[in-house]
Amino acid sequence: MLKRTHLTASALLLALGSVMMPAQADNAPAMNGETLKKIKARGELVCGVHPARHGFAAIDSKGKWQGVDVDFCRALAAAVLGDASKVRFTPLSTAQRFLAVQSGEVDVLSRNTTATLTNDVALGLSFAPPNFYTGTGFMVRANSGVKKIEDLDGATVCVTPSSTERNVAQIFGSRNLHYTPVVIENNKEYVAAYLAGRCDVIARDKVALPGILAFDTDKPQDHTILPGMYSKEPLAMAVRKGDNQWYDIVKWVVYATFNAEEMNVNQSNVDAELKSKNSDVQSLLGINGDFGQKLGLDNKWAYNVVKQVGNYGDIYNRHFGPKSDEPLDRDLNNLWTNGGLLYGLPIR
């Protein structure tokens, strides 16, 4: 006769839990709050960026990192540490970028990376709201006679091993056009191959092409960028899945730059706006509410972002505005109130 064993409800739940809960892997996502603790203990943010992409992340003639992606790293440092300069930039190749986030080598990836289902779900990453919208574009020699995408049938195409490579295959395939890819990882070698005649056309996110014209060619007038944008490339910062607090911080720093521009609060007037009677401005700048505390930050977190780095318009104009080295119309990278796609969720 079998001996009966009586389990209490709590004992039963513990027993079931030991069966149902998988063992934690060595590379399991960080627990809530761990990333913020590590950043504060370290005293600096570690941010993964592109090694050299003008307008997004590149070292200038004074040895200082510059670009939209760089500024969003600085905005995070301003929000978390109160000092936008407390960032260590880690240049990452296309092949290195995702592993660097997954392994914890970097706290955040701010490297003109496209938010896609695969990147979001299969790679163990969480993407912040897109902070730049672009798409695949093409640059050819001005004397090539090429005026539109259909004129590229039979062309040799220089491309990097990224989403652009996949996009080119789809773009040509859907139009029944033939092409030969020349895949090169290194940016300088990639452009050099085109200039040396190894390929007829450069395929790249269209936003990168003006920088190639301005900085990498001796005679920009000898090359032309074809009209049109041929893919959806919403670029966004990414963090490792599992630390919801850190994800929320990154997400709301992006939204803060959108909201600040919508409220006409910028780097020049932010101190004056501390006296604003507008309740939304007061919430943004930490005059009322405890919104910073909800994130685990100082209530002046967004004030620090705008004061030290700027709102989204300040950031965009610094690198792509009319007075920049590579001016580019804002187009989709405009506020929703101006016909663009940038829409900051309310801070309330």
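FYI, it's all coordinate maths here, none of it is from the lab. Please read all numbers here as calculations on a predicted model, not as lab measurements. Glycine gets a Cβ as well: all are built from the backbone with ideal geometry, and neighbour counts include every protein chain shown.
A few comments on the model shown:
- The residues packed around Asn334, meaning those with a beta-carbon under 12 Å from its beta-carbon, carry a net charge of -3 if Lys and Arg are +1 and Asp and Glu are -1.
- Estimated vicinal HN-Hα couplings, Hz - the range 337-342 in sequence order (Karplus 6.51, -1.76, 1.60; Gly, Pro = x): 6, 10, x, x, 10, 7
- Net charge over other residues, Cβ less than 13 angstrom from the Cβ of Val87 (K, R count +1; D, E count -1): 0
- Under Karplus coefficients 6.51, -1.76 and 1.60, residue-wise ³J(HN,Hα) of the range 298-314 in Hz, glycine/proline x: 5, 5, 8, 3, 6, 4, 4, 4, 5, 5, 8, 10, x, 7, 4, x, 4
- Among Ile184, Ala142, Tyr230 the positive-end extreme of the charge dipole of the range 136-231 (Cβ point charges): Tyr230
- Taking 1.002 mPa s as the viscosity and 20 °C as the temperature, the Stokes-Einstein diffusion coefficient of the range 108-150 based on its alpha-carbon Kirkwood radius rounds to 159 µm²/s.
- Residue-span extension gain [Ser144 to Trp336] - 0.36 nm each, minus C-alpha spacing: 65.3 nm
- The chain: most fluctuating residue of His50, His178, His319 per GNM, C-alpha cutoff 10 Å: His178
- Residues considered: Ala77, Ala58, Ala169. Largest GNM mean-square fluctuation over the chain, using C-alpha springs under 10 Å, is found at Ala169.
- Computed from the Cβ-Cβ distance with R0 of 22 Å, the FRET efficiency linking Val121 to Tyr343 stands at 0.40.
- The chain: proportion of alpha-carbon pairs further apart than 40 angstrom, %: 22 percent
- Using alpha carbons only: equivalent-ellipsoid semi-axes of the range 192-324, gyration tensor based, whole Å: 39, 19, 11
- Computed from Cα atoms alone, the Kirkwood hydrodynamic radius reported for the range 136-231 is 13.1 Å.
- Under-5 Å amide H pairs with Asp205, H placed in peptide plane, nonlocal only: Gly137
- Note on the chain: GNM, Cα springs under 10 Å; of Lys64, Lys241, Lys37, the largest mean-square fluctuation is that of Lys64.
- Cut-off 10 Å between beta-carbons: net charge of the residues surrounding Leu177, Lys and Arg +1, Asp and Glu -1: -2
- Amide H to amide H, with H built 1.01 Å from N, Asp200 comes under 5 Å of Thr156, Val157, Cys158, counting only residues 5 or more places away or on other chains.
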